[in-house]
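Each value in this text was obtained by applying a stated rule to the coordinates, not by laboratory testing. These numbers were taken from a predicted model, which means no experiment stands behind them. Quick reminder, even Gly has a Cβ in these numbers, built from the backbone with ideal geometry, and neighbours come from all protein chains shown.
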Amino acid sequence: MTTPNKPWSRRLPEGTPGPRGWDTIVLGSGMGGMTCAAMLARLGQRVLVLEQHYVPGGFTHVFKRPGYHWDVGVHAVGEVTDRSLTGRLLAHLTGGRLQWRSLGPTYDEFDFPGGMHLEFPDNPQQFRDNLCTAFPDGAAAIDAYLQRVRDVAGAMKRYYLARMFPTRSGQLAEALFARPARQAFATTTADVLAQISNDERLRTVLCAQWAYHGSPPSRSSFAIQALVTKHFMYGGYYPVGGSGRIAAELLQTVADHGGWTRINADVAQILVEDGSAVGVRLTDGEEIRARRVVSAAGARTTVERLLPPEYTTRAWVASIRNLAPAPAHVCLYLGFKGDIRQAGAGPANRWFYNTWDHEADTWHIEHVPRDTIPGAPVLYCSFPSLKDPNHDPGPDVRHTGEVVTFVPWDRFAGWLGTRWQKRGGDYKEFKDALQASLLEQFLLKMPGLRGMVDHVELSTPLSTDHFVRPTRGSIYGLEPTPARFANPHLRPRSPIHNLFMAGSDVATVGVIGAMMGGVLAASSAEPRRALALLRGMSR
Ligand SMILES: Cc1cc2nc3c(=O)[nH]c(=O)nc-3n(C[C@H](O)[C@H](O)[C@H](O)COP(=O)(O)OP(=O)(O)OC[C@H]3O[C@@H](n4cnc5c(N)ncnc54)[C@H](O)[C@@H]3O)c2cc1C
């Protein structure tokens, strides 16, 4: 049952190891799991990746409708060129086959109330200049902010190195070598911005990208604010051919080294014997064994749903379970017929802010559909077909768009347990109302697109839960609060022998954050060989 030309299938192809022949099982094929699997494969291991969905890739997966396809969780990715270690490593892990295209000199455009328009460019000097032009009296504050970003992002490297050790020695290493990082991640973004400037509007602009990490300034650790700002200092990129290429290439590397990826492989439990992880049991009862298990399904998903019952009362499990998830989101997937460039669309993402209140986090839809639906505080809009040089608009000039905003999970939780696309009339009514409202809000911002809309579809936090299964439909896994960074147990090496955790939750949010979570897991599992590989990548 191998899918032709794809390095994954429901069942194992002939010639791959039997149920006892794997070195490592990686549970979950998101960016973290795929990176860990490809890296371990490159280090000589036979790796089996297990993915519950029928498409691999986690939030990097792609879905299709007639004439259109969309990425689920990839709009702009930084640090993928050969100027950064992550870019060089990703090229190595994909055999140089994964290519990236710049979004251009501007990767994000912001519109704020009152007509302020700001562009975030692909170099630090221009970034400073753009900010200073918008805030002529703010140069000193802007410089102080940029310096703080550089200092904190640099300091966090040692924090992540210390995270590769087991809990006790890791805490010691953190105290000895990562003290500046500890101070930085204990402070919120709001506190740092308050120290730097009294100008409310400048503060809002400086943290305007907080939707990339999912925690408003009063809750987010300044560490994540600094890491995201630094991440995009040299612009944003998009995978040539769409984000589905990421899974195709990373999982090809796994297959090229004797491993494989099984889709529709829903893990029910991690098997632990004598305190050591020895394999997994699927929901259909099949057991698969390996010398080591890496869970890349998310930290809370791992401890809440996948550990044997006797582990669920452990203190380390409780401490991870207590960490808050980032918010949930809705996404409007749009198909257009016509030249959307003429209507103002481009490769850069568009952010439409309806407020200067940088704490306004979610779309208040608590009373829909009884009351009038209010506007969302911010719309994040992206046009993937304009980012991809391989996109062929065809004779109908087809293009795609996406509109994202945060929503409260609790408004959807009542339908949890209902079946996808069969959730009942009340849900459909609610969802239709949201879809119509969001479409109208978007078209008011970009009216030139109105006549070109050919396909409209809304994903909700229940779609996210169905396809990727994060806690409470979270867009980014764990919320990047000071408590998350301080949590001593959130590290790739779990207290259970031979059980590791990969993905964004053990590093940071985003495609490259999750990739680093995979690198940390592979490096904790195979430290010597991983170090040699990474040394070869550094400059
Ligand atoms: C709307 C949206 C927009 C985004 N935009 C960007 C962006 O522009 N740039 C950027 O860098 N990042 C972006 N992100 C974030 C980025 O996509 C994620 O942070 C990253 O891909 C997460 O990777 P991960 O490996 O940590 O987890 P995931 O991608 O969540 O992978 C976890 C995997 O585990 C699987 N799984 C769970 N339970 C089981 C089980 N029991 N058995 C088997 N498999 C299981 C899931 O199906 C999933 O495939 C966006 C995310 C979203 C949702």
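What the table shows:
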{"item": "Neighbour cut-off at most 15 other Cβ (10 Å), DSSP loop, chymotrypsin sites (Phe, Trp or Tyr not before Pro), region 51-153", "result": "TYR54"}
{"item": "Extended-chain gain in nm, criterion 0.36 nm per residue less alpha-carbon gap, ALA433 and THR355", "result": "25.8 nm"}
{"item": "Zone residues, region 286-302, relative to ALA318, backbone N less than 15 Å from point 7 Å out along Cα-to-Cβ", "result": "none"}
{"item": "Segment VAL453-PHE177, length gained on full extension (0.36 nm per residue, minus Cα span)", "result": "93.9 nm"}
{"item": "Inter-probe distance in nm under a simple model that places probes 7 Å from Cα toward Cβ, at ALA268 and TYR54", "result": "2.2 nm"}
{"item": "Qualifying lysines (Cα of each under 24 Å from Cα of LYS157; at least 8 residues distant if same chain)", "result": "LYS230"}
{"item": "Proximal lysines relative to LYS422, as straight alpha-carbon distance under 21 Å, when same-chain residues fewer than 8 apart are discounted", "result": "LYS64, LYS431"}
{"item": "Sequence-distant aspartates and glutamates (8 or more away, or on other chains) whose Cα lies within less than 19 Å of LYS337", "result": "ASP71, ASP388, ASP392, ASP396, GLU402, GLU440, ASP454, GLU457"}
{"item": "Local electrostatic count at THR167 - Lys and Arg +1, Asp and Glu -1, tallied over other residues with Cβ under 13 Å", "result": "+4"}
{"item": "Spacing of the two label points (7 Å from each Cα toward its C-beta) at HIS92 and GLN147, in nm", "result": "3.5 nm"}
{"item": "Sites matching GluC sites (Glu not before Pro) across region 344-415 that sit in DSSP coil, with at most 14 neighbouring C-beta atoms within 10 Å", "result": "GLU359, GLU366"}
{"item": "Relative intensity, log₁₀ I(q)/I(0), of the chain from a Debye sum that treats every alpha carbon as a point, q = 0.09 Å⁻¹", "result": "-0.63"}
{"item": "Alpha-carbon centroids, region 225-267 and region 322-378: separation in whole Å", "result": "25 Å"}
{"item": "Alpha-carbon centroid distance for the pair region 80-148 / region 449-471, whole angstrom", "result": "28 Å"}
{"item": "Gap separating the Cα centres of region 397-422 and region 161-175, nearest whole Å", "result": "39 Å"}
{"item": "At R0 = 25 Å, FRET efficiency that the Cβ-Cβ distance of TRP420 and GLU287 yields, to 0.05", "result": "0.35"}
{"item": "Additional length obtainable on full extension of the chain from ARG528 to GLU119, 0.36 nm per residue less Cα span", "result": "142.9 nm"}
{"item": "Within-13-Å neighbourhood charge of ALA139 [Cβ basis; K, R +1; D, E -1]", "result": "-3"}
{"item": "In region 8-112, the trypsin sites (Lys or Arg not before Pro) that fall in loop regions by DSSP, at most 15 other Cβ within 10 Å", "result": "ARG10, ARG11, ARG20, ARG83, ARG97"}
{"item": "Distance in nm between pseudo-label sites at GLN342 and ASP129 (7 Å out along the Cβ direction from Cα)", "result": "3.3 nm"}
